[in-house]
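Data first, discussion second: the structure below is written as structure tokens.
The values are calculated or read from the model by the stated rules, or taken from the named source; none is laboratory data. Please read these numbers as outputs of a predicted model, since none were measured by experiment. Neighbour counts are summed over all protein chains in view; Cβ atoms, including those assigned to glycine, are modelled from backbone coordinates with ideal geometry. Note: accessible area is taken over every heavy atom of the protein model, side chains too, but ligands, DNA and RNA are not part of it. Shrake-Rupley method; radii C 1.70, N 1.55, O 1.52, S 1.80 Å.
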Amino acid sequence: MTLVLLAGMMCDGRLFQHMPPHIHLPITGHDSIEAIAAQVLQNAPETFALGGLSMGGIVAMEVIRQAPQRVTRLALMDTNCEAETDKIKACRQPQIDKALAGNLKSVMRDEMKPNYLTDGPNRAAVLDLCMDMALSLGPQVFVRQSQALRDRPDQKETLAAWGKPTLVLCGEDDRLCPLHRHTLMADLMTQATLSVMPDAGHLPPLEQPDATRVALERWLS
């Protein structure tokens, strides 16, 4: 069974460089979660296992809402099944304005990336990679993804209706999508397995690649 992985906001396929063999599909071309999910479905195999991290997980939930029959199993990593809060919505436009004014690097460095990772020996290298991925994608992708996240639907009903094998995985120290968001998702799906990665924040595939890969391999088996 083919595994399709969807990366987080302003990340590319390098996020999953240590993960099991997979197809990475971009989520960069539209400004709504619904349209991004439709594009994923256009480019994915007829049936596939699906995993997504952060924004990729948000898109993955919309994929199973649109076409549950095409997805054989689901992995939701460091993500959020609820709609955007008003507090976070209020931050989006100032960040968009800064990015369009040529200050994407400072937005990523000062406002976003510091919240991503826990402390650890590879923190600096992972942060450098995150910055490189973000700057490679550029400000227009930042704008589209910010708008899509801002206007995203709540997916609790989608998850409650989903009955196939599911992994819910998060870094123990994730401040962006804390553990309670993942226990909520796992509680909505009685068949789900919750896996918490010690010594990881928002990006376990880079912070704890071996443990994350093992968890995905177990989910796929």
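Once you place label points 7 Å from the Cα toward the Cβ at ASP151 and THR183, how far apart are they in nm?
My value for the distance between the label points is 3.5 nm.
How much length, in nm to one decimal, is gained on full extension between LEU100 and ASP31, taken as 0.36 nm per residue of separation minus their Cα-Cα distance?
On the way: separation 69, 0.36 × 69 = 24.84 nm, distance 1.53 nm.
The LEU100-ASP31 span can extend by a further 23.3 nm.
What does the accessible area per residue of region 26-72 come to in Å², with a 1.4 Å probe and no ligands, DNA or RNA counted?
Working: 1570 Å² over 47 residues.
Result: 33 Å² per residue.
What are the semi-axes of the equivalent ellipsoid of the chain, taken as the square roots of 5 times the eigenvalues of the Cα gyration tensor, listed largest first and rounded to whole Å?
Working: eigenvalues 121, 79, 55 Å².
Calculated on Cα positions only, the semi-axes equal 25, 20, 17 Å.
Would you mind working out the magnitude of the charge dipole of region 1-148 relative to its Cα centre, with +1 at each Lys and Arg C-beta and -1 at each Asp and Glu C-beta, to the nearest 20 Debye? Working shown, then result.
Details: 13 positive and 15 negative charges, 17 e Å.
In total the dipole reaches around 80 debye.
If you roll a 1.4 Å probe over the chain with all protein chains in place, what percent of the accessible area is carbon or sulfur? Show your work: numbers first, answer last.
On the way: 4720 of 9340 Å².
Result for the chain: 51 percent of the exposed heavy-atom area is carbon or sulfur.
Note the full-extension length gain between GLN17 and THR47 as 0.36 nm times their separation in residues minus their Cα-Cα distance, in nm to one decimal.
Values: separation 30, 0.36 × 30 = 10.80 nm, distance 2.26 nm.
That pair, GLN17 and THR47, stretches by 8.5 nm at full extension.
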